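The values are calculated or read from the model by the stated rules, or taken from the named source; none is laboratory data. Treat the numbers as computed from the prediction; the structure is a model and nothing was measured. Every residue, glycine among them, receives a Cβ derived from its backbone with ideal geometry; neighbour counts consider all protein chains shown.
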Amino acid sequence: MSDNKIVFEHAVTTFTHERWDADGQDAPFALEALEEGKILFFPHLSFSLTADEIALLDPTLVDPKRKNISFQPLKNRLTGVAATERIPTVRHLLERYYQDCCRLAAAILPLYRQTLHSPANTLRLHPITAWTNTTSWRKDDSRLHVDAFPSRPTHGQRILRIFTNINPNGENRSWRVGEPFPQLAQRFLPNLGRYSPLNSWLLNKMGITKTRRSHYDHLMLQLHDAMKSDRDYQQYGPQLAVDFPPGSSWICFSDQAPHAAMNGQFMLEQTFFLPPEAMKNPRRAPVKVLESLLHKPLI
């Protein structure tokens with residue numbers, strides 16, 4: 001483990017909220033910390049499961065061809081459930097979680113209320129070790145990384161994620177958290193590969209990407225891969241170990257906060273996208289950080 005450790009308070013801001021429709025008095029503080037790239041940690045914000053929902057906590061419920069069970073609430077589209085008779089219970093669980101996440105975001109991040117979009121969530125039932133031992137290094141999320149999607153370019157949209165540990169056996173969700181994004185970008189940017197508009201066009205034409213990759217998307221994928229492939233950085237780079245106990249929740253911009261999932265099982269995760277111009281301080285968005293370093297537009 002690295003001796004170059006990050007101070008907890010520099011990476012994580014803790015809140016005492018116990019309700020998803022939280023008192024919004026901390027909203028300005030939460031917004032500032034989130035846009036700085038910190039994790040918002042709610043150690044007492046749990047998501048209660050019914051007896052029928054607790055019975056869903058079984059990895060065999062997940063389709064063997066998929067990593068997780070996924071739900072798009074606005075489309076009522078549920079995928080990844082192996083047992084068809086459990087589909088109504090799973091859908092109800094994920095719809096409830098989506099609604100609670102909307103309440104939380106409205107309470108502590110009211111500035112984003114009208115601009116958060118494209119919600120999707122997942123029920124993660126496998127232990128982290130089940131996929132870290134069998135996947136390629138690019139897909140190994142136990143390595144420090146920032147989120148970037150190979151097939152779904154974001155064109156600078158922020159990736160906001162809410163997580164909740166629903167483990168019934170007392171097991172923590174253990175993460176490593178990395179350095180602030182500006183330092184990260186300065187470290188890796190000189191060695192990232194060149195962007196090819198032609199290659200971007202070809203990938204989209206062949207159906208490999210849903211839309212053309214922008215220069216920004218190219219750089220974020222390169223950064224994602226460069227971080228994961230650098231063993232020295234994984235071991236000795238700036239980092240902090242953080243445990244999220246059962247019954248806790250946390251929020252971060254996962255395209256900005258370097259993170260690695262090290263241990264744990266049974267989690268709910270809600271994703272939203274946010275236009276960078278909807279931020280209080282858009283200059284902190286990764287696209288703006290990279291543009292300032294390169295002195296040119298990337299979208």
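Of 107, 148, 130, all but one fail to be under 19 Å from residue 65 (Cβ atoms) and aliphatic (A, V, I, L, M); the exception is 130.
Note on the stretch 217-245: among residues that are surrounded by fewer than 16 Cβ atoms within 10 Å (Cβ to Cβ) and either within 25 Å of residue 296 (Cβ to Cβ) or of a type in the set (Ser, Thr, Tyr) (or both), the one that is nearest to the chain's Cα centre (by Cα) is 229. Just one of (1) at pLDDT 95 or above; (2) more than 22 Å from the chain's Cα centre (by Cα) fails for residue 70. It is (2). Here is the figure for the stretch 126-145: residues that are touching a helix residue (DSSP H, G or I) at 6+ places or on another chain (Cβ under 6 Å) and in a loop (DSSP other than H, G, I, E, B) total 5. Would you pick out the residues in the stretch 224-263 that are more than 24 Å from residue 103 (Cβ to Cβ), among the aliphatic types (A, V, I, L, M) and out of contact with any Pro (no Cβ under 9 Å at 6 or more places or on another chain)? Passing the criteria: 226, 240, 241, 242, 260, 261, 262. For the stretch 171-208, a tally of residues being part of a loop (DSSP other than H, G, I, E, B) and either closer than 22 Å to residue 294 by Cβ or out of contact with any Pro (no Cβ under 6 Å at 6 or more places or on another chain) (or both) returns 11. If the condition is being closer than 18 Å to residue 230 by Cα, without any contact (Cβ under 8 Å) to a residue 60 or more places away in the chain and surrounded by 12 or more Cβ atoms within 10 Å (Cβ to Cβ), then the stretch 184-216 contributes 187, 188, 192.
When residues in the stretch 9-50 are screened for being basic (Lys, Arg) and free of Cβ contacts under 8 Å to residues at least 60 places away in the same chain, 1 of them pass.
The residue list 296, 288 contains one member that is among the basic types (Lys, Arg) and either assigned to a helix (DSSP H, G or I) or in contact (Cβ under 8 Å) with a residue 40 or more places away in the chain (or both), which is 288. Summed over the stretch 150-183, residues that are out of contact with any helix residue (DSSP H, G or I) (no Cβ under 7 Å at 6 or more places or on another chain) and either without any contact (Cβ under 8 Å) to a residue 60 or more places away in the chain or farther than 27 Å from residue 111 by Cα (or both) total 13.
In this structure, is residue 42 modelled with pLDDT of 95 or more, within 30 Å of residue 287 (Cα to Cα) and aromatic (Phe, Trp, Tyr)? It is true that residue 42 is modelled with pLDDT of 95 or more, within 30 Å of residue 287 (Cα to Cα) and aromatic (Phe, Trp, Tyr). Cβ-Cβ contacts under 6 Å between residues 6 or more apart (or on different chains), taken from a first residue in the stretch 217-236 that is more than 14 Å from residue 185 (Cβ to Cβ) and touching a residue at least 12 places away in the same chain (Cβ under 8 Å) to a second residue that is of a type in the set (Lys, Arg) and not in a helix (DSSP H, G or I), are listed as 228/143; 234/143.
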